[in-house]
1. Which residues, taken from the stretch 86-134, are under 21 Å from the mean Cα position of the chain (by Cα), crowded, with 16+ Cβ neighbours inside 10 Å and in a loop (DSSP other than H, G, I, E, B)?
2. Would you check if there is a residue in the stretch 17-25 being over 16 Å from the mean Cα position of the chain (by Cα), within 12 Å of the ligand (Cβ to nearest atom), surrounded by fewer than 16 Cβ atoms within 10 Å (Cβ to Cβ) and under 23 Å from residue 179 (Cβ atoms)?
3. So residue 192 clears everything in (1) farther than 22 Å from residue 54 by Cα; (2) in a loop (DSSP other than H, G, I, E, B); (3) touching a strand residue (DSSP E or B) at 6+ places or on another chain (Cβ under 9 Å) except one condition, right? Which one?
4. Scan the stretch 42-75 residue by residue and report those that are within 16 Å of residue 170 (Cβ to Cβ), without any contact (Cβ under 8 Å) to a residue 60 or more places away in the chain and assigned to a helix (DSSP H, G or I).
5. Name every residue in the stretch 135-165 that is without any contact (Cβ under 8 Å) to a residue 60 or more places away in the chain, within 16 Å of the ligand (Cβ to nearest atom) and not in a loop (DSSP other than H, G, I, E, B), in order of residue number.
6. Mind counting the residues in the stretch 23-38 that are in a loop (DSSP other than H, G, I, E, B) and touching a residue at least 24 places away in the same chain (Cβ under 8 Å)?
7. I'm trying to understand the selection: among the residues of the stretch 47-65, which are touching a helix residue (DSSP H, G or I) at 6+ places or on another chain (Cβ under 7 Å) and over 30 Å from residue 216 (Cα atoms)?
8. Checking residue 132 against (1) touching a residue at least 60 places away in the same chain (Cβ under 8 Å); (2) in contact with a strand residue (DSSP E or B) (Cβ under 9 Å, 6 or more places away or on another chain); (3) over 21 Å from residue 175 (Cβ atoms), which single condition isn't satisfied?
Ligand code: OAD
């Protein structure tokens with residue numbers, strides 16, 4: 001049995017990292033065209049670096065919450081395969097001991113726009129920093145911006161085709177291609193569950209719903225799956 005879990009900002013909300021579209025979400029304070037597009041970066045790279053430097057610092061200071069730990073437990077203890085695909089750019093799944101496919105990139109990586117070299121980074125990035133490989137001042141956070149193609153899509157598509165259960169946790173389902181994963185998994189025969197603080201605007205696409213804060217409902221759901229006979233749920 002294969003379970004594919006797609007996570008979004010809601011899984012990290014209780015670790016103190018803001019979501020995007022909720023009240024007080026990041027996109028209520030910033031114009032995403034300024035800080036999350038290649039055009040915004042071309043116009044004002046210092047502003048974009050400042051935005052991601054602040055997010056990197058917040059993410060480094062954050063700790064995984066019980067939802068991250070429960071998903072890590074599911075991945076290590078479930079008798080079948082558990083694939084975690086995340087839209088989040090923090091490293092909290094890994095900090096909890098899980099492996100996750102980061103389709104929107106990662107705050108703890110930088111890339112060079114000139115030569116494509118990529119490297120780990122835990123420090124602030126600036127416009128004058130040089131790429132350690134080609135020495136050009138063209139570094140950027142390794143984040144997928146609007147208008148760019150998310151990464152690892154072929155690998156994810158393969159998992160969606162072979163999933164028995166698809167679960168979306170803490171995501172509003174507003175951003176494609178991730179928003180299309182539920183329909184894709186369903187087309188290939190998977191059962192689908194949405195886990196969210198509230199029913200999302202796309203709740204109708206899912207077979208079942210678990211409503212509540214991720215830190216409470218995800219551990220309960222995982223306990224059920226790991227209980228004897230739970231895999232038949
Ligand atoms: P959103 O901010 O769009 O949605 C967050 C979802 O989490 C909402 O549906 C909330 O109801 C839910 N939520 C909030 N707190 C929760 C909690 N404690 N427990 C469970 N659910 C909770 O965030 P995403 O769907 O992740 O992309 O956004 C998708 C993408 O849009 C992001 O990866 C980012 C953003 O623009 C890029 O920057 C490319």
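Since every read-out is calculated from the coordinates, none of them should be taken as a lab result. Please read all numbers here as calculations on a predicted model, not as lab measurements. Note that each Cβ is placed from the backbone with ideal geometry, even for glycine, and that neighbours are counted across all protein chains shown.
1. 87, 88, 89, 90, 91, 96, 98, 103, 104, 121 - these are the residues of the stretch 86-134 that are under 21 Å from the mean Cα position of the chain (by Cα), crowded, with 16+ Cβ neighbours inside 10 Å and in a loop (DSSP other than H, G, I, E, B).
2. yes
3. So residue 192 meets the others, but not (2).
4. Hits for the stretch 42-75 are 59, 68, 72.
5. If the condition is that a residue be without any contact (Cβ under 8 Å) to a residue 60 or more places away in the chain, within 16 Å of the ligand (Cβ to nearest atom) and not in a loop (DSSP other than H, G, I, E, B), then 142, 153 are the ones that fit.
6. Residues flagged as in a loop (DSSP other than H, G, I, E, B) and touching a residue at least 24 places away in the same chain (Cβ under 8 Å) within the stretch 23-38 amount to 2.
7. Once the filter is applied, which keeps residues that are touching a helix residue (DSSP H, G or I) at 6+ places or on another chain (Cβ under 7 Å) and over 30 Å from residue 216 (Cα atoms), the stretch 47-65 yields 47, 48, 51.
8. So the condition that residue 132 fails would be (1).
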